[in-house]
1. Do you know which of the residues in region 15-30 that are touching a residue at least 60 places away in the same chain (Cβ under 8 Å), under 18 Å from PRO42 (Cα atoms) and not in a loop (DSSP other than H, G, I, E, B) is least open to solvent (accessible area, probe 1.4 Å)?
2. Please specify each residue of region 115-125 satisfying the condition of being open to solvent by less than 10 Å² (accessible area, probe 1.4 Å) and assigned to a strand (DSSP E or B).
3. In the set PHE102, PHE62, which member is among the hydrophobic types (A, V, I, L, M, F, W, C) and in a strand (DSSP E or B)?
4. Taking region 31-57 only, how many residues are open to solvent by 40 Å² or more (accessible area, probe 1.4 Å), out of contact with any helix residue (DSSP H, G or I) (no Cβ under 7 Å at 6 or more places or on another chain), more than 16 Å from PHE73 (Cα to Cα) and assigned to a helix (DSSP H, G or I)?
5. How many residues does region 95-114 hold that are open to solvent by less than 60 Å² (accessible area, probe 1.4 Å) and either among the polar types (S, T, N, Q) or more than 17 Å from the chain's Cα centre (by Cα) (or both)?
6. Here is a list: ASP60, ASP4. Which entry is exposed (fewer than 12 other Cβ atoms within 10 Å of the Cβ), without any contact (Cβ under 8 Å) to a residue 24 or more places away in the chain and of a type in the set (Asp, Glu)?
7. May I ask you to list pairs of residues, at least six apart or on different chains, whose Cβ atoms are under 6 Å apart, with the first in region 88-102 being touching a residue at least 40 places away in the same chain (Cβ under 8 Å) and over 17 Å from ASP117 (Cβ atoms) and the second being open to solvent by 60 Å² or more (accessible area, probe 1.4 Å) and outside any strand (DSSP E or B)?
8. Name the residues in region 63-79 that are at pLDDT 85 or above, open to solvent by 100 Å² or more (accessible area, probe 1.4 Å) and within 20 Å of ASN119 (Cα to Cα), would you?
Amino acid sequence: MKFDAIGVVVADMKRTLEFYRLLGLDFPEGAETEGHVEAQLPGGIRLMFDTEELVRSYVDDFTPPSRPGPIGFAFLCDSPADVDAAVETLVSHGYEAALPPFDAFWGQRYATVHDPDGNGVDLFAWLADRED
C-alpha cells in the first residue's frame, strides 16, 4: 500500500484553483469548469479537488462539512519576507488572513490564510538558517 493522494471537496472550483495557483500549484488550463482536478505535488503525491456537485452524483446524501474546513495545509516559503508577500497577495485577491504574519516562538515566520472553503493554509519560513 502506498499513500498517493489528498482529496478535498470544494464548493467553487474556479475560486479554489485561483487560490492554490497563487501559492504556486499547477493545474491544467480550463480546469475551472471540471468537477475533478488534480495537481502533482513534490514527492509524487497528488492534490485532488472534487466539486460538491460531482460528489453528490455518487453520494446521494452528501452534506459538506461546516466551515471553517477540517483540513489544514502548510506551505514552506523561501524566506520570512516571502511569507509576508504571499499573505499580501492572497488578501489582495479577497482571501481572509486568519492569522496575520508573525515571528513565532518556535523559530518561524508564520501566518494562516483561509482557502475558499475555510480550510486553514499555513505559510511559514524559518527565521534563521537551520538544517532540515
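1. Selected residue: TYR20.
2. VAL121, LEU123, ALA125
3. PHE102
4. Total meeting the criteria: 4.
5. Filtering region 95-114 down to residues open to solvent by less than 60 Å² (accessible area, probe 1.4 Å) leaves 95, 97-98, 101, 104, 107-114.
This time we only want the ones that are either among the polar types (S, T, N, Q) or more than 17 Å from the chain's Cα centre (by Cα) (or both), so: 104, 107-109, 112.
Total satisfying the criteria: 5.
6. Step by step, each of ASP60, ASP4 is checked, and only ASP60 is exposed (fewer than 12 other Cβ atoms within 10 Å of the Cβ), without any contact (Cβ under 8 Å) to a residue 24 or more places away in the chain and of a type in the set (Asp, Glu).
7. Sorted first by the residue in region 88-102, then by its partner, the pairs are THR89/LEU22.
8. THR63, LEU76
The values are calculated or read from the model by the stated rules, or taken from the named source; none is laboratory data. This structure is a prediction, so every number in the text was calculated from the model and none was measured. Using ideal geometry, Cβ is built from the backbone for each residue, glycine included, and neighbour counts are taken over all protein chains shown. Side chains included, ligands, DNA and RNA excluded: accessible areas come from the protein's heavy atoms. Shrake-Rupley method; radii C 1.70, N 1.55, O 1.52, S 1.80 Å.
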